[in-house]
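Step one of this worksheet: look at the structure below.
The values are calculated or read from the model by the stated rules, or taken from the named source; none is laboratory data. What you see is a predicted model; the values in this text were computed from it and never measured. So basically every Cβ, Gly included, is an ideal-geometry build from the backbone, and we count neighbours across all protein chains shown. In case anyone asks, the SASA skips ligands and DNA or RNA and just uses the protein heavy atoms, side chains included. Shrake-Rupley method; radii C 1.70, N 1.55, O 1.52, S 1.80 Å.
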Amino acid sequence: MRAATARAYPNIALVKYWGKRDAAWNLPATGSLSLTLDVFPTTTTVEPDPTLTADVFTLDGVAAPAPALERVRRFLDLVRERAGTDTAARVRSVNTVPTGAGLASSASGFAALAVAASAAYDLDLERPGLSRLARRGSGSAARSLVDGMALWHAGTDEESFAEPVASPEVAMVVTVLEAGPKPVSSREAMTRTALTSPYYRAWVESASQSLQAALSACRDGDLDRLGRIAESNALRMHAAIEASDPPVRYLRPGSIAVFDRVEQLREEGLCAYATADAGPNVVVICPPSEAEAVRTALAPFGTTVTAGPGPGAALLAEPVG
Ligand code: PMV
């Protein structure tokens with residue numbers, strides 16, 4: 001055993017994951033498609049230490065709150081079970097994405113933790129194995145193991161990992177409207193949608209169709225078609241979520257204003273499409289050549305950051321802090 005450090009980037013789904021086929025194994029109801037970004041990385045060091053009596057987890061230099069520590073501990077238990085050890089670890093993580101704001105901090109967080117912890121505990125895993133392991137921490141983390149465009153397969157535990165797929169040239173303009181924590185966690189809202197939303201079945205059916213259509217647009221290098229599918233898929237996911245009982249609303253008035261502006265940008269001739277995860281922030285899909293025009297147009301709505309395709313989670317030589 002040794003200290004190991006990994007860095008992972010968040011990913012934004014063009015065809016969303018929303019709903020589980022199996023909660024214990026974090027198997028999704030449908031496959032999903034995302035772009036790993038080149039901004040907002042999480043860097044994590046895992047240091048197994050036989051003198052510790054329990055895991056220690058610091059996030060951005062301070063002791064993590066109990067629920068976050070508990071999730072990390074449960075994840076490390078999976079790693080320790082495979083490694084045949086019960087040695088606790090010191091985990092230090094530095095997150096540059098606003099935590100819990102619907103900007104996929106759990107994806108970069110668990111992807112970095114999966115890569116660092118498997119190296120620290122000497123598990124010999126290839127990318128698909130690391131993607132399957134990251135999936136157990138947070139579903140969307142499976143996709144942050146992949147460079148750029150990633151397809152995460154539904155299916156059994158063996159089959160459910162992410163792998164790279166062909167992609168047209170693409171940029172994403174992230175518009176951060178509110179960086180505070182979200183009102184209901186995606187984990188809880190996902191369960192609530194599946195149990196109570198009358199639109200859940202329709203969502204699952206439509207997401208499977210959207211995935212096939214999106215993959216075909218990717219193969220054809222057709223960003224306009226891919227963007228259209230992504231925007232409609234995001235709005236369908238939010239419709240299913242909003243129809244839950246009690247309802248959950250992640251999109252705020254500012255989010256809707258960005259969707260409206262993006263529609264206007266299309267009327268002005270740009271290829272721009274909006275998406276949003278479980279939070280108020282909106283991410284705009286566009287060709288790299290139009291990213292600066294899109295960013296300028298969205299600057300009045302919040303903090304804008306232009307991202308391109310980023311690398312899958314990987315080990316780093318230097319530890320955190
Ligand atoms: O990985 P989780 O459990 O945080 O779920 C993420 C869900 C969405 O971000 C809303 C959609 C997606 O596919 O990333």
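Only one entry of R74, R82, R92 meets the criterion of being modelled with pLDDT of 95 or more and buried (at least 20 other Cβ atoms within 10 Å of the Cβ), and that entry is R92.
Tell me whether the range 264-287 contains one or more residues that are at pLDDT below 95, over 30 Å from E163 (Cα atoms), of a type in the set (D, E, K, R) and open to solvent by 40 Å² or more (accessible area, probe 1.4 Å). Scanning the range 264-287 turns up no residue that is at pLDDT below 95, over 30 Å from E163 (Cα atoms), of a type in the set (D, E, K, R) and open to solvent by 40 Å² or more (accessible area, probe 1.4 Å).
Here S197, S138 are screened, and the one residue that is of a type in the set (S, T, Y) and under 19 Å from the mean Cα position of the chain (by Cα) is S138.
Among the numbered conditions (1) free of Cβ contacts under 8 Å to residues at least 40 places away in the same chain; (2) under 22 Å from V146 (Cβ atoms); (3) of a type outside the set (D, E, K, R), the only one that N95 does not meet is (1).
Looking for something within 13 Å of the ligand (Cβ to nearest atom) and either of a type outside the set (V, I, T) or in a helix (DSSP H, G or I) (or both) - is there at least one such residue anywhere in the range 76-94? No, the range 76-94 contains no residue that is within 13 Å of the ligand (Cβ to nearest atom) and either of a type outside the set (V, I, T) or in a helix (DSSP H, G or I) (or both). If you filter the range 244-254 down to residues that are over 23 Å from P198 (Cβ atoms) and touching a residue at least 12 places away in the same chain (Cβ under 8 Å), you find that the one that is least open to solvent (accessible area, probe 1.4 Å) is G254. Any residue in the range 227-243 that is crowded, with 17+ Cβ neighbours inside 10 Å, more than 15 Å from the ligand (Cβ to nearest atom) and in a helix (DSSP H, G or I)? Yes, there is a match, as at least one residue in the range 227-243 is crowded, with 17+ Cβ neighbours inside 10 Å, more than 15 Å from the ligand (Cβ to nearest atom) and in a helix (DSSP H, G or I). The residue list A202, A189, A171 contains one member that is more than 13 Å from the ligand (Cβ to nearest atom), among the aliphatic types (A, V, I, L, M) and farther than 17 Å from R228 by Cα, which is A202. May I ask you to list the residues in the range 1-26 that are more than 17 Å from A114 (Cα to Cα), of a type in the set (A, V, I, L, M) and open to solvent by less than 10 Å² (accessible area, probe 1.4 Å)? Result: I12, A13, L14, V15.
For the range 27-54, the tally of residues that are without any contact (Cβ under 8 Å) to a residue 60 or more places away in the chain and either in contact with a Cys (Cβ under 9 Å, 6 or more places away or on another chain) or buried (at least 24 other Cβ atoms within 10 Å of the Cβ) (or both) stands at 0. Got at least one residue in the range 57-71 being away from the ligand (no atom under 13 Å from the Cβ), at pLDDT 95 or above and open to solvent by less than 10 Å² (accessible area, probe 1.4 Å)? Within the range 57-71 (the criterion being away from the ligand (no atom under 13 Å from the Cβ), at pLDDT 95 or above and open to solvent by less than 10 Å² (accessible area, probe 1.4 Å)), the answer is no, since none of the residues qualifies.
Only one entry in T5, T44 is among the polar types (S, T, N, Q), out of contact with any Pro (no Cβ under 8 Å at 6 or more places or on another chain) and either more than 16 Å from the ligand (Cβ to nearest atom) or not in a strand (DSSP E or B) (or both), namely T44. Within the range 153-168, the set of residues being of a type in the set (S, T, Y) and within 16 Å of the ligand (Cβ to nearest atom) comprises S160 only. Across the range 308-315, not a single residue is classified as modelled with pLDDT under 95 and open to solvent by less than 50 Å² (accessible area, probe 1.4 Å). The condition (being touching a residue at least 60 places away in the same chain (Cβ under 8 Å), within 13 Å of the ligand (Cβ to nearest atom), open to solvent by less than 10 Å² (accessible area, probe 1.4 Å) and part of a helix (DSSP H, G or I)) is satisfied by just one residue among A150, A112, A134, A116: A134.
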